[in-house]
Structure formats: structure tokens, C-alpha cells
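So the structure is just underneath, and the comments pick up after that.
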Amino acid sequence: MKKNSLGFLAALIVVVVFPVVFFLFFDYQHKHRPTLETDRCLPIYGPKEAYMAKDSKGREYEDTAYFSVPDFTFVNHNGDTIRREIMNGKVVVVDFFFSTCQSICIDMSRNLKRVQDKFINDRDVLILSYTVDPETDSVPRLFDYAVEKDVNSKMWHLLTGDKKEIYKLARNGYFITAMQGDGGPNDFIHDQKFVLLDKEGRIRGYYDGTNDQSVDRMMDDIQTLLVSYIVPMKKK
């Protein structure tokens, strides 16, 4: 009789108590999971571009894809050639600055340093800062600026080069300003935007680089993008 009672009790625990405990544990885990906004969908900026694709039978048809940043070649603060390919497979933050700026660039560089410090150990995060005054901002000048701002050359590049090419990229690659110009002597871009790009080189956000709360939101969005490449993405 005693053995039957023990067997009945064990069966009751397996059939009734264990499922209840398991459910409560699962529900607790679900309610207390990390609150990162990994499910929030970030917009994709820029025009869609038409291209010719082929179906499974080799027949061509016209399809569209979101705009991605075009090719470029510039030089960084260490004198290394930096091309568009450096962005491949990276979540990228972009800004436009100049080393002699004593206004908005001070807060922008401070906030980029915050981004650098937060993601310093993440190889999938990259920062590109393009000078809008390349005639002044030579490689040696940018090197001194990098030392002053504690720039980590593994993830943050200060770029210089041909002014017309930089300004063309700012306007037509990152859409940093709506003001027209030719990159000539009288053309000058002075903007406080940070631009966030995903690993495909598509623009996913614009932020006020002088505003701490806006940059905090950008860092959350960087984390969202990084996680989205771990969690299988839904087809758009």
C-alpha cells in the first residue's frame, strides 16, 4: 500500500506539478528578457535603384534594390588608403567635420568617442569621419587631431582627399545636406548629422551629433542592427 502511494505521488508530480513549475519558469524568463529593442524595425533611407536580375531559368527581369553608398577612395589619418570595401560587413557611423572647428565639432567628436568606447571590442562597428576642409586637414594634421581626440585607428578613420569627391559623396552618397554645390572654393558643408548604415551600406538613420539623447538612441539602433544579423531577418 505504501509503495502504491509513493508511486501515485511521483506520478502526480510528473503529470501536474512539473508542467506548472516549467510554465511559471518560462513565463518569468519571457517577461524578464533583456529589453533591447531588437524587434524594432529601422527605416531604410534613400531611393530605390533599378537593376537587371535573372530568374531560375536565366531569364532577365527588372528588379529594384535600396540605395547603398557608392564607391570611394580616400586617405586616413595614418596615411592608409581607405576604400568603400572597408564598410562591407560593418555597421557604420559617418560624420563630416573639420579639425579647426570650434563649435559643433567639439560635441560631435566627444559623442563619437562615446560610440567608440561603447563598441571598442566589437569588430562589426566602424566610424568614418570625413573632413570638409581637406586643404587644411592634411594627413599630419588629422594624425595630430586623432591623437588629441583619442581615436582608435582599428575602428575610427579620419578621412581626407579631393574636396569635390568628398562633397559629392556627402550630397549624393549620404544625403547629408540638401544644399547644392560643386565642391569648389566657395562651397562649404557644415552639418551636425551622424549617419548610421547597416552592413549592406544602406542608410538606416540620421541623428543630431551634438545631442547626447539623440546619440544614445543611435547607439541603441547600432545594437539593434548588430542583433538583427544574429537573429534571422524577415524578408522585406
* Asked: Label 7 Å along Cα→Cβ of Thr73; the stretch 149-163 residues with amide nitrogen under 18 Å?
  -> 159-163
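Can you tell me how much longer the chain between Asp182 and Asn121 gets when fully stretched, taken as 0.36 nm per residue apart minus their C-alpha distance, in nm with one decimal?
On the way: separation 61, 0.36 × 61 = 21.96 nm, distance 3.89 nm.
Going from the current span to full extension adds 18.1 nm.
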* Along Cα→Cβ, 7 Å out, is where each label goes; now give me the distance between the ones at Cys41 and Gln102 in nm to one decimal. => 4.9 nm
* Structure fact -> FRET efficiency (Tyr229, Lys113; Cβ distance; R0 22 Å; to 0.05) is 0.30
* Structure fact -> With label points set 7 Å from each Cα along the Cα-to-Cβ direction at Asn211 and Thr81, the distance between them in nm comes to 4.1 nm
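Tell me, what is the FRET efficiency for Asp220 and Ser56 to the nearest 0.05, using R0 = 45 angstrom and their Cβ-Cβ distance as r?
Numbers: r = 40 Å, r/R0 = 0.89.
E(calc), rounded to 0.05, equals 0.65.
What does the charge count around Asp124 come to, taking other residues whose C-beta lies under 9 Å from its C-beta (Lys +1, Arg +1, Asp -1, Glu -1)?
Values: positive: Lys90, Arg123, Lys199; negative: Asp122.
Result for the neighbourhood of Asp124: +2.
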* Asked: Which pairs in the list Lys48/Lys118; Lys118/Lys168; Lys90/Lys193; Lys57/Lys168; Lys90/Lys164; Lys118/Lys199 are over 29 Å apart, alpha-carbon to alpha-carbon?
  -> Lys48/Lys118; Lys118/Lys168; Lys57/Lys168
* Over the stretch 48-228, one equal point on each Cα, no solvent: what is log10 I(q)/I(0) by the Debye formula at q = 0.11, 0.16, 0.18 Å⁻¹? -> -0.48, -0.96, -1.21
* Modelled FRET efficiency - R0 41 Å, Asn88 with Val147, Cβ distances, 0.05 increments -> 0.90
* Stretchable slack from Lys48 to Glu165, in nm (0.36 nm times residue separation minus alpha-carbon distance) -> 39.9 nm
* Asked: Between Phe175 and His190, 0.36 nm times their residue separation minus their Cα-Cα distance comes to what?
  -> 4.1 nm
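A short reminder: the numbers here are calculations on the coordinates, not readings from a lab. All values reported here derive from a predicted model rather than from experimental measurement. Every residue, glycine as well, gets a Cβ built from its backbone with ideal geometry; the counts of neighbours run over all protein chains shown.
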